[in-house]
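Structure, as C-alpha cells:
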Amino acid sequence: MRDLKSMTLPEMTNALKAMGQPAFRGKQVFTWLHKGVTSFDEMTNLPKDLRDKLKSEFTLTVPKVARKQVSRQDGTIKYLWELADGNCIESVLMRYHHGNTVCISSQVGCRMGCAFCASTVAGKVRDLTPAEMLDQVLFTQLDSGLEISNIVLMGIGEPMDNLDTVLRFLELVNHPDGMNIGMRHISLSTCGVIPGIHRLADLGLQLTLSVSLHAPDSETRSKIMPVNRAYDVEELFDACHDYFKKTGRRISFEYAMIDGINDQDWQADLIAAKLKGMPGHVNLIPLNDVVESPFKPSKRIAAFQKRLESHGITATVRRSLGGDIDASCGQLRRKAMEEAEKGENG
Ligand code: SAH
C-alpha cells in the first residue's frame, strides 16, 4: 500500500484522478492530511465510498507518543514517538522568544559514528519517510497545542544521508496548503557530507545550512568524526565557500566544545583562517555528557569564544535547554532502548 502523506500535492491529485475523482479532491485530501487527521473517516467532505477506497489503497501514518518529558526549567518538551513498525525516534520542542522551534529526526539511528554522539551508538536502523518527518512537526504542534514557527533538522540521523526524503519533506512542510512553514525558518544540519552541500547549493533554497565542524584540523576531526576520512575538512571548507558564493547565505558552524580535544587557541585561529572571505557564524555548544563517550565538556568555552571574536568571527554559546530531561539528540531513545534490553534480560 502506498503512503499517502508522503506524496506531494500534484502526486496526490494524479492518484485521485486515476481513481476517477475530480481534480479538486487532491487538494482536499492534502489539506486534511496536513491538519493531522488520524483516520480517513475524519475527511468529512469526501464521499463515504471514496474514504473507504482510500482506506483500502493507502496507509496513513499516525505516530504514537511513547514518552513525553516536559522540562520544569524552561518548558522544553521532548517526545519519543513510536512509528508504525515499532521503531522510535525523538523530537524536541524548544520555546524561544522568537517562536517555538521543533528539532526533528531524519533517520532511525545514524551511521555517521561521531564519537561524542548518542544517536549513532547503535548505528542506523532505517531512513525515515517524508510523512514520518512531517508527522513530527504536525503532531508536536497538535499534542502541545503550541504553534510551531521554526524547524531544525538536528535530531537523530544525518539529513544528507537521506536527502531525497528530506527535500520532499521540505516541499511538504513549506506548502501553502499545508503547514506553510517558510524556508527561512528552517535549518538543516550536516556532519559534512559534501555532495549534499553541493546539491543544496545548486537548489538555492532559502534555508539555513548548519555544518557540524567540531574541529578545523584534519587530524582531530578524523579522530572524533569518521565522516572526515571520507570528506576531509579541507574539502569541507571549500564546499562551504562554494555554498556561500552560490547562495549568498551565511553558514552556521556547530562546534561542541570537548575538553583538551578541540578547545585550544590554535584551533580557534585555524577556524578564523579557514572562514576568511565568508560571513560564518560559529555556535559553540557545551558538550552534553554522553555515558558511552570518553569525552568531557571543555572548560575553555569563554576563552575560545573570545579568541574567535578577536579575529572578527561571530561566535555564540548555545544556551542549553531541557537539561533536566535528557533533551539532547539520541539520549531519550538510548535510554528507552537500554531499558527495553534490561527488561528482556530479566
Ligand atoms: N547529523 C547531523 C544532525 C544531527 S546532530 C549533524 O551531524 O549535524 C545535531 C548536532 O548535535 C550536531 O552538531 C552534533 O554534532 C551535535 N552533537 C551530537 N552529540 C553531541 C553532544 N554529546 N554534545 C553536544 N553536541 C552534540
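Values in this text are rule-based calculations from the coordinates and carry no lab data. Keep in mind that what you see is a predicted model, and the values were worked out from it rather than measured. Cβ atoms come from the backbone with ideal geometry, glycine included; neighbour counts cover every protein chain shown.
Partners of LYS48 within straight-line reach, counting lysines whose Cα lies under 23 Å from its Cα and excluding those fewer than 8 residues away in the same chain: LYS5, LYS17, LYS27, LYS35. The amide H of MET179, built 1.01 Å from its N in the peptide plane, has no neighbour under 5 Å, considering only residues 5 or more places off or on other chains.
If the limit is 18 Å between Cα atoms, which of LYS246/LYS276; LYS78/LYS124; LYS124/LYS335; LYS223/LYS299 go over it? Over 18 Å Cα-Cα: LYS78/LYS124; LYS223/LYS299. Each residue, ALA303 and ASP259, gets one label point 7 Å from its Cα in the Cβ direction; the gap between the two is 1.4 nm. Residues ILE104, ILE271, ranked from the fewest to the most other C-beta atoms within 10 Å, line up as ILE271, ILE104.
Given the DSSP H assignment, sum -39500 (n - 2.57) over each helix run of at least 4 residues in the chain and divide by its residue total; what's the result at 222 nm in deg cm²/dmol, nearest 500?
On the way: 12 runs with 127 residues, N = 346.
Only helices count here, giving -11000 deg cm²/dmol.
Rounded to the nearest 0.05, what FRET efficiency do SER149 and LYS35 give with R0 = 25 Å and r taken as the Cβ-Cβ distance? Could you check? Computed FRET efficiency for SER149 and LYS35 comes out at 0.90. Footprinting exposure proxy ranking of VAL29, VAL211, VAL291, fewest other C-beta atoms within 10 angstrom first, gives VAL291, VAL211, VAL29. Evaluated with a Cβ-only charge set (Lys, Arg +1; Asp, Glu -1), the chain carries a dipole of roughly 640 debye about its Cα centre, given to the nearest 20. Each label was represented as a point 7 Å from its Cα along the Cα-to-Cβ direction; for ASP238 and HIS198 these points are 1.0 nm apart.
Tell me whether region 2-59 comes out rounded, prolate or oblate; compute the Cα gyration tensor, take square roots of the eigenvalues as a ≥ b ≥ c, and use a/c under 1.5 as the rounded threshold. Walk me through the numbers on the way to the answer.
On the way: a/c = 1.28, a/b = 1.09, b/c = 1.17.
Rounded.
Among beta bridges from DSSP that stay inside region 64-345, the antiparallel ones total about 45%. Bridgeable aspartates and glutamates around LYS55 (alpha carbons under 17 Å apart, same-chain partners fewer than 8 residues away excluded): ASP3, ASP41, GLU42.
Sorted from fewest to most neighbouring beta carbons within 10 Å, what does the list VAL92, VAL152, VAL193 look like? Don't skip to the end; give the middle numbers.
Details: VAL92 28, VAL152 18, VAL193 21.
Taking fewest neighbouring Cβ atoms as first place, the list is VAL152, VAL193, VAL92.
For the pair ASP49 and ASP164, a Förster radius of 25 Å applied to the C-beta separation gives a FRET efficiency near 0.15, rounded to the nearest 0.05. Between ASP127, ASP49, ASP269, the residue with the greatest mean-square fluctuation in the GNM of the chain (Cα pairs under 10 Å linked by springs) is ASP49.
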